[in-house]
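Please read the structure below before turning to the comments.
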Amino acid sequence: ALASEFVQQIAAAHGAANTADESGVSSSAFDSRKPASPNDLQSVLIEDWAGEVAGSTYLEENFRIPRSTLHRWQRRNEVVALRKGGRKHVFPLAQFVDGRPAAGISEVLSLIANPRLAWFWLTRPSPDLDGRTPIEMLKHDKVREVMQAARDFSSASGPKDPSV
């Protein structure tokens, strides 16, 4: 039932306006309140569910985050990096506060190993957080509350598949 609902929302989202400006930043109106499996998220365009994303060149030029720093954060799981295409990664812009990943991102990624599923969870209202979105709470230094909700989510969502 969850997969069916997710597919219906994806189909509806493709009818919504997707935008990508010449700067390389993409965004979409796609929204879902229920978590999806990593396999469902793999088959959907990033722009349709992740919000504004950008590559390392954009982040270096506009956020002044050196590529080397961005890739170090990526290797250490301190930032959400979403694979786009064969080898390229894009980074959701909403995770950055003053040119750094929001506090608590690495802790969330340690509990929800799949970056697509982790970002999906971070950007959707959580009933465990009184309907607030985890990423906004992390931006306000509410790491402890978000970590408890992430633990609850990861234990409820079953085994993680880091290969996706």
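The values are calculated or read from the model by the stated rules, or taken from the named source; none is laboratory data. The structure presented is a predicted model; accordingly, all values stated were derived computationally and were not measured. Backbone-built Cβ (ideal geometry, glycine too); neighbour counts: all protein chains shown. Quick note on the areas: whole protein, heavy atoms, side chains included, nothing else; ligands and nucleic acids left out. Shrake-Rupley method; radii C 1.70, N 1.55, O 1.52, S 1.80 Å.
With equal scatterers on the alpha carbons only and no solvent term, can you work out the Debye log10 of I(q)/I(0) for segment 45-114 at 0.14, 0.19, 0.24 1/Å?
Result of the Debye calculation: -0.38, -0.73, -1.20.
Return the sequence-ordered ³J(HN,Hα) values of segment 118-129 in whole Hz as given by the Karplus equation 6.51 cos²θ - 1.76 cosθ + 1.60 applied to θ = phi - 60°, using x for Gly and Pro.
3J(HN,Hα) across segment 118-129, in whole Hz: 4, 5, 4, 5, 4, 9, 10, x, 10, x, 6, 10.
Could you state the principal axis extents of the C-alpha atoms in segment 70-164, from the largest down, to the nearest angstrom?
Principal extents (largest minus smallest coordinate, Cα): 37, 33, 19 Å.
Between R151 and R67, what is the spin-label point distance in nm, taking each point 7 Å from the Cα along the Cα→C-beta axis?
4.0 nm
Heavy-atom accessible area per residue, segment 45-142, 1.4 Å probe: how many Å²? Please list the in-between numbers first.
Details: 4740 Å² over 98 residues.
Ligands and nucleic acids excluded, the result is 48 Å² per residue.
Counting Lys +1, Arg +1, Asp -1, Glu -1, what net charge surrounds T69 among other residues with beta carbon under 12 Å of its beta carbon?
Values: positive: R64, R67, R72, R75, R76, R100; negative: E60, E78.
Around T69, the charge tally is +4.
Just the number, please: carbon plus sulfur as a percent of the accessible area of segment 66-141, 1.4 Å probe, no ligands or DNA/RNA counted. It would help to have the intermediate numbers written out before the result.
On the way: 1680 of 3660 Å².
Whole-percent figure for carbon plus sulfur exposure: 46.
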